[in-house]
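Values quoted throughout were computed directly from the atomic coordinates according to the rules given, and no laboratory measurement underlies them. Since we're looking at a predicted model, the values are computed, not measured. Neighbour counts are summed over all protein chains in view; Cβ atoms, including those assigned to glycine, are modelled from backbone coordinates with ideal geometry.
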Ligand code: GLN
């Protein structure tokens, strides 16, 4: 593990992966994760190690406790390697909205790793030691970077994993999940971290599952639906082509492929951003310079003090989301925006439920493009950043599980195949992803 830390430091110098890195190997444990280094996205609390969620306002915050998912890993013998970079509080798609350095894509350093869990995906791709990553998604933050960096990312069913110790972005959407170089590694880590937790009343009361049991199964007869809306507008032709040929691959392994329709796809993006920002704006209220992280000399009245701390501690994107989120919940606008967005969300869920009456798994591109270059990102307006999430927000709104698996390259950059399943049906999508990965 001392050697792992040394290698991780070298990788960090090259790619900008960590906000904090272990300096002591400690004792090697025993259990299902013995010998594994596990990295933790920086919005998940780690005892004695600074946890910033990518924000300046949490600078200096050292949690006195481990998040449940972290202690579960320690109990299984994992070595907690460090905290990976992310967009501030998860606000982003390219991991460029961060106070602590932007991770570089391992396939081309001039390109984004994706966000918000960019550091986790980057490390998963480049680690030259046994490693898996704990990550988190609100609207696509596991799938997107997994796709851009060419690794496997699993977002479980909403409520499958405990969120005790997570710095919340939007509580009705946040899910802790995993990344691995292979489907097997991701399935192993997910099995360890999922399951009930007395500290989180929102965890589903279902018995823990061993997802590694879904490995090695066949897709013979499995019904795979291709949502027609997901291969239309905005998806780069070459990306769509790779994904289509991956789906053909599954068909030749015995899966039964058909087209399905998710008619509310087009309005899911607006619904997502309204709900996510509304919840984020209330969650950020607790960061005021008194309890956590950044403090300044107390001068003036409290309102003045809070304003000064928040002006310095939040980035432009966080401020934008506080303002927009507050606006959509204001008396007079609430019906037109926030409540309408909730009604759209119900329709989106019904779309998926209807589709899963006919198919076992849905297959689509994870992202409409390959990882963009930083100079391209700089040219984009915030709304263009948001639009990149067009294929990942709907399943996140519905709380269904999803997995992104690498399915080839375009111009040397990885493309992701997105497989989605009904609530609590992670096993099916892991089986399909593994069958695709190993080609049988
Ligand atoms: N890009 C989306 C957002 O900015 C999703 C991020 C996430 O899942 N944390 O809200």
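What ratio of Cα Rg to 2.2 N^0.38 Å holds for region 331-440?
Working: Rg = 16.9 Å, N = 110, 2.2 N^0.38 = 13.1 Å.
Expressed relative to 2.2 N^0.38 Å, the Cα Rg reads 1.28.
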Discussion item. At a 10 angstrom cut-off on C-beta neighbours, averaged per residue, how do the peptides 250-262, 407-419, 201-213 rank from highest to lowest?
Written reply: 407-419, 250-262, 201-213
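Normalised by the number of residues in region 300-440, what is the relative contact order in percent for Cα pairs under 8 Å and 6+ residues apart? Numbers along the way, then the final one.
Details: 122 pairs, mean separation 31.8, N = 141.
That works out to 23 percent.
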Discussion item. What percent of all Cα-Cα pairs in region 148-289 falls into each 5 Å bin, going from 0 up to the bin containing the maximum distance?
Written reply: 2, 8, 11, 13, 18, 18, 15, 9, 4, 1, 0, 0
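Given the peptides 377-387, 336-346, 422-432, arrange them by the average over their residues of other C-beta atoms within 10 Å, most packed first. Intermediate values should be presented prior to the final figure.
Working: 377-387: 13.6, 336-346: 16.4, 422-432: 22.6.
Order by mean packing, descending: 422-432, 336-346, 377-387.
Take the Cα gyration tensor of region 92-148, multiply each eigenvalue by 5, square-root it, and list the three semi-axes largest first, rounded to whole angstrom.
On the way: eigenvalues 51, 39, 19 Å².
Its equivalent ellipsoid spans semi-axes of 16, 14, 10 Å.
Could you work out how much longer the chain between residue 296 and residue 34 gets when fully extended? Use 0.36 nm per residue separation minus the Cα distance between them, nm to one decimal. Display every interim value, and only then the final one.
Values: separation 262, 0.36 × 262 = 94.32 nm, distance 4.26 nm.
Gain on stretching residue 296 to residue 34: 90.1 nm.
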Discussion item. Looking at the chain only, what percent of DSSP beta bridges run antiparallel? Nearest 5 please.
Written reply: 65
Worksheet entry | Extension reserve of the residue 200-residue 282 stretch, reckoned as 0.36 nm per residue once the Cα distance is removed | 27.6 nm
Practice prompt. When a/c is below 1.5 the answer is rounded, else prolate if a/b is larger than b/c, else oblate, so apply that to region 342-397 with a ≥ b ≥ c taken from the square roots of the Cα gyration tensor eigenvalues.
Written response: oblate
Discussion item. Principal axis extents for region 17-137, Cα atoms only, whole Å, descending order, please.
Written reply: 39, 32, 25
Worksheet, complete the sentence: What helix-only [θ] at 222 nm does the chain give? Using -39500 (n - 2.57) per DSSP H run of at least 4, over all residues, to the nearest 500, the answer is -11000 deg cm²/dmol
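Determine the relative contact order of the chain: mean sequence separation of Cα pairs under 8 Å and six or more apart, normalised by residue count, in whole percent. List each step's numbers first, then the result.
Working: 1079 pairs, mean separation 81.3, N = 440.
Reported as a whole number, the value is 18 percent.
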Fill in: residue 218 paired with residue 346, simple spin-label distance in nm, labels 7 Å along Cα-to-beta-carbon
4.4
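For residue 245 and residue 378 in one chain, what is 0.36 nm times their gap in residues minus the Cα-Cα distance, to one decimal in nm? Mind dumping the intermediate values first?
Working: separation 133, 0.36 × 133 = 47.88 nm, distance 3.23 nm.
Going from the current span to full extension adds 44.7 nm.
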Discussion item. Let me understand region 66-162 better: what is its radius of gyration from the alpha carbons, and its Dmax, in angstrom?
Written reply: 13.0, 39
Practice prompt. Give the shape of region 115-230 as rounded, prolate or oblate, defined through the alpha-carbon gyration tensor: a ≥ b ≥ c are the square roots of its eigenvalues, a/c under 1.5 means rounded, and otherwise the shape is prolate if a/b is larger than b/c and oblate if not.
Written response: rounded
Item to complete: Distance from a point 7 Å along Cα→Cβ of residue 59 to each backbone N in region 99-119: keep the residues under 12 Å and list them by number.
Response: 99-101
Worksheet item: Tell me, Kirkwood radius of the chain from alpha-carbon pair distances, in Å?
Response: 21.5
Worksheet item: Which whole-percent values make up P(r) of region 32-101 when all C-alpha to C-alpha distances are grouped in 5 Å steps starting at zero?
Response: 4, 19, 25, 21, 16, 11, 4, 0
